[in-house]
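Read the structure below first, then the notes.
The values are calculated or read from the model by the stated rules, or taken from the named source; none is laboratory data. Values in this document were obtained by computation on a predicted structure and should not be read as measured data. Cβ sites come from the backbone with ideal geometry, for glycine too, and all protein chains shown count toward neighbours.
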Number of protein chains: 2
Amino acid sequence: AEEKKKKDYEDEGDIVERCKDFMSVPVTDIKVLQERKQEMSTKMEMLIMETQAEFCKALQEVDGGTFKVDRWDRKEGGGGISCVMQDGKVFEKAGVNVSVVFGNLTEEAAKQMRSRGKVLKGKDGKLPFCAMGVSSVIHPKNPHIPTVHFNYRYFEIEEADGTKQWWFGGGTDLTPVYIDKEDAHHFHKTLKEACDQHHPQYYPDFKKWCDRYFFVRHRGETRGIGGIFFDDLDSPNQEQVFKFVKSCARTVVPCYLPIVYKHLSDSFTAEEKDWQQVRRGRYVEFNLVYDRGVKFGLATPGSRIESILMSLPLTARWEYMHEPPKGSREAEMLEVLRNPKEWV
Amino acid sequence: AEEKKKKDYEDEGDIVERCKDFMSVPVTDIKVLQERKQEMSTKMEMLIMETQAEFCKALQEVDGGTFKVDRWDRKEGGGGISCVMQDGKVFEKAGVNVSVVFGNLTEEAAKQMRSRGKVLKGKDGKLPFCAMGVSSVIHPKNPHIPTVHFNYRYFEIEEADGTKQWWFGGGTDLTPVYIDKEDAHHFHKTLKEACDQHHPQYYPDFKKWCDRYFFVRHRGETRGIGGIFFDDLDSPNQEQVFKFVKSCARTVVPCYLPIVYKHLSDSFTAEEKDWQQVRRGRYVEFNLVYDRGVKFGLATPGSRIESILMSLPLTARWEYMHEPPKGSREAEMLEVLRNPKEWV
C-alpha cells in the first residue's frame, strides 16, 4: 500500500518538476497541463514524454553519443519532439519521437483512423480530435544487436452530441538479424510479465496480433520476431487501459537494453554486415508498403515527413534473388520469420 | 519506299531467325508465335524481346560484365525473362525484365488495370486477358551517371461479347544525382524526335504526364528529370500505336548510352557518393509508395516478387533532415526536382 501510494504520488507529482527530466519542454504548454492535470490527455502526454526521456538516456549511456532534439510545430494544431542519434558508436540510427496533434477530422478520416472502422457522427461533418504517441525505431550497427521498435498512442474524438470516443494502441517488437533464442525469450517474457499484471489474455492475444500485423505479405515473412501489438483498446475503462499502457511503456528499457549490453562487443564479419543490410531492405519494404502509421502519415497534409521516415535505417541493400545457403545462420533466421514461434 | 520495304521485312522477318538474337527463347512457344505472326500480341512480344536484347548487349559492352538470365513461369499462365547484372564495373544494379502473362481477370481487377477505369463486362464475371511488357531500371555506380528507367507494355482484354479491348502504355525517364543540362537536353530531345514522328502533341503531353506520374508527393519533388510517360493509348489504331511504341523502344539506347559513355571516367568524391545514396533512398520511396506497377505486382497473387523489386537499387541511405547547403550542386539538383523544367 505504501509503495502504491508512492507510485501514485510519482505519477501525479508536480508537473513542473517532472518536466525537468524531459528531452524538451512538452508539446502542450506546462500551464495548460497543470490546469488539466486530471485529464487523460495530460496523463498520457506526461507518460510519452517520460518514456522518450527514459529511453533516450538509456541509449545515450550505452552509446556515448547524444540525441539531437528537434521541436516542431504543426500548423493545424500541436507538434512534436523528435530525438535522433545518427552514426553513433553503437547505433547507426536511433529515433525516438513524441507527437501531440489536434484539430478537426472529416468523418471519413475519423473512420479510417480507427482500425475497427466505427462510424462517428461529427458536427457539420467535423470531429475535433486529439492524437498523441511516442514511437521509436533503433537500428544498431552491430548485426548481432537487434533492431527494436515501439509505439504507444492515445486518441480522442468528440462527436456531435459531445460524447468523447477514446482508445489506446501500441506495441513493442524486435527485429534481429540473427536469431538468439535467449534474447527472444527474454524479450517476450518481459512483455508477458507486464501484460499478465493486467489481463491473462493480453500477452497471447497481442502476441498473435503482432505477428499478423508485421507480416510482409509479398515476402511471406514477418518483419521480425514480434512482441506485442494492440489497437482500439477501450475497456474495461480509461484508467485501467492507461495503467496497462504505462506498464508497457515502462518495459521498453528492460526489454531491450540487456540485449544491447549482451552483444555490445560481439565481433562480426563483412558477410554478417551484408545480411544485416539485406534485412534492413525488408524493414524498409514493410514500413513503406504496409505500415498503417506511415501510410496515414504520408497521406496527411501537414504531417512532418522527417519524423515519420525517421524509422527507416541509415543504409539498406537489395540483392536480386538473395537466398542464404541451407543450414546457415541466415537460413535459420528466415525459417523463424516464415513460421513465427512461441518464445515463452 | 525501298527503305520502308526493308524495314517491314525486318520487322516481320523470320521469327526463328530473330529469336536467335534474344537473351533467351521467348516466353511464348516459337511455333505459336509463327502461327500467330500477324497478331499484335506476337508483334509486341517480339518487340519487347528485341528491346531487352538490344539494351542488355549495349550495357554489357560498356560494363564488361554479363547479365544473369532467369526464365520463370507463372503458374496461372505465362512467364518472363529477367536479366540482371549486379555489382558490375559500371553498373551497381541493372535489371531488364520481360514478362508475358495471361489468364482471367475479375471485373474489379480489370477496371483497376486500366487507368481510366473503364467498366468491362466479363463472361460470368471473368475476363480473359493478356499483359506483356519490357521494363528496366539501371543504377550505375558513378554518381555522375544517371539512373534510367523505361517500360513499354501492351494489354488485351476480351469481353463477354467477344470484343477485344487493347491498349499500350510506357515511358522512359532519367534520374540524375547531379544535373547536367547537356545530358537533360540530349535525353529529352531524343525522346521528342521519336514522338514527333507520330504526333506533334505526344512529346508535350507525355512529358507533362511523366512529371506528374513520377512525383513523390510527401517530398514535394519529382523522382528525376522525367522524359515521357503514357498509358491507355488506343488511338488512332492498333498498328499506328504499335509503331509509336516501337519508335520509343528503339530510342532507349540512343537516349541513354551516350550519357553513360560521356561520364564513364568522371571522378567523384565520397560526398558525391553519399548524395547518390540519399537520392537512391528517394527512388525507393517512390517505387514502394506510389508506383502503380509495383503496387499492382505486390498485390497480385503469383507475381514474381524478385522481378518486381529488381528496380530497387543495390544500396540506399536515409539521413534524418538531410538538406544540402545553399548554392551547392546538390541544392541545384533539388531545385530542378521541385520545379520541373522544359529541356527542349
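Brief remarks on what is shown
- Residue under evaluation residue B:248, criteria (1) within 20 Å of the chain's Cα centre (by Cα); (2) of a type outside the set (Ser, Thr, Tyr); (3) within 12 Å of another protein chain (Cβ to nearest Cβ), criterion not met: (3)
- You will find that of A:226, A:220, the residue that is away from chain B (no Cβ under 14 Å), at positive phi and small (Gly, Ala, Ser) is A:226 and no other.
- Answer from A:327, A:281 - the residue that is at the interface with chain B (Cβ under 9 Å from one of its Cβ atoms) and without any contact (Cβ under 8 Å) to a residue 40 or more places away in the chain: A:281
Each row is one residue, and each column tells you yes or no for (1) within 14 Å of chain B (Cβ to nearest Cβ); (2) in a helix (DSSP H, G or I); (3) buried (at least 18 other Cβ atoms within 10 Å of the Cβ).
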| position | (1), (2), (3) |
| --- | --- |
| A:84 | yes, no, yes |
| A:93 | yes, no, yes |
| A:101 | no, no, yes |
| A:108 | no, yes, no |
| A:128 | no, no, no |
| A:133 | no, no, yes |
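- The lone exception for residue B:300 - which of (1) of a type outside the set (Phe, Trp, Tyr); (2) out of contact with any Ser or Thr (no Cβ under 7 Å at 6 or more places or on another chain); (3) within 13 Å of chain A (Cβ to nearest Cβ); (4) touching a residue at least 12 places away in the same chain (Cβ under 8 Å) it fails: (4)
- Leading residue by the ranking (farthest from the chain's Cα centre (by Cα)) among those in region A:152-168 that are crowded, with 21+ Cβ neighbours inside 10 Å and in contact (Cβ under 8 Å) with a residue 60 or more places away in the chain: A:167
- Test result for residue A:241, facing chain B (nearest Cβ under 10 Å), crowded, with 18+ Cβ neighbours inside 10 Å, hydrophobic (A, V, I, L, M, F, W, C) and more than 19 Å from residue A:187 (Cα to Cα): no
- Residues satisfying the stated conditions in region A:135-163, i.e. part of a loop (DSSP other than H, G, I, E, B) and touching a strand residue (DSSP E or B) at 6+ places or on another chain (Cβ under 8 Å): A:141, A:146, A:159, A:160
- Consider region B:67-82 and keep the residues that are in a loop (DSSP other than H, G, I, E, B) and away from chain A (no Cβ under 14 Å). The one that is nearest to residue B:28 (Cα to Cα) is B:77.
- Residues in region B:51-66 that are closer than 25 Å to residue B:247 by Cα and either within 14 Å of another protein chain (Cβ to nearest Cβ) or without any contact (Cβ under 8 Å) to a residue 60 or more places away in the chain (or both): 5 in all.
- In the set A:42, A:51, A:28, only one residue is under 18 Å from the mean Cα position of the chain (by Cα) and either among the β-branched types (Val, Ile, Thr) or surrounded by fewer than 18 Cβ atoms within 10 Å (Cβ to Cβ) (or both); that residue is A:51.
- Residue check for residue A:311: surrounded by 19 or more Cβ atoms within 10 Å (Cβ to Cβ), polar (S, T, N, Q) and either within 19 Å of the chain's Cα centre (by Cα) or at the interface with another protein chain (Cβ under 10 Å from one of its Cβ atoms) (or both): yes
- Residues of region B:284-297 that are within 7 Å of chain A (Cβ to nearest Cβ) and touching a strand residue (DSSP E or B) at 6+ places or on another chain (Cβ under 7 Å): B:284, B:285.
- Condition met for residue B:23 (at pLDDT 95 or above, in contact with a Cys (Cβ under 6 Å, 6 or more places away or on another chain), surrounded by 11 or more Cβ atoms within 10 Å (Cβ to Cβ) and closer than 22 Å to residue B:154 by Cα): yes
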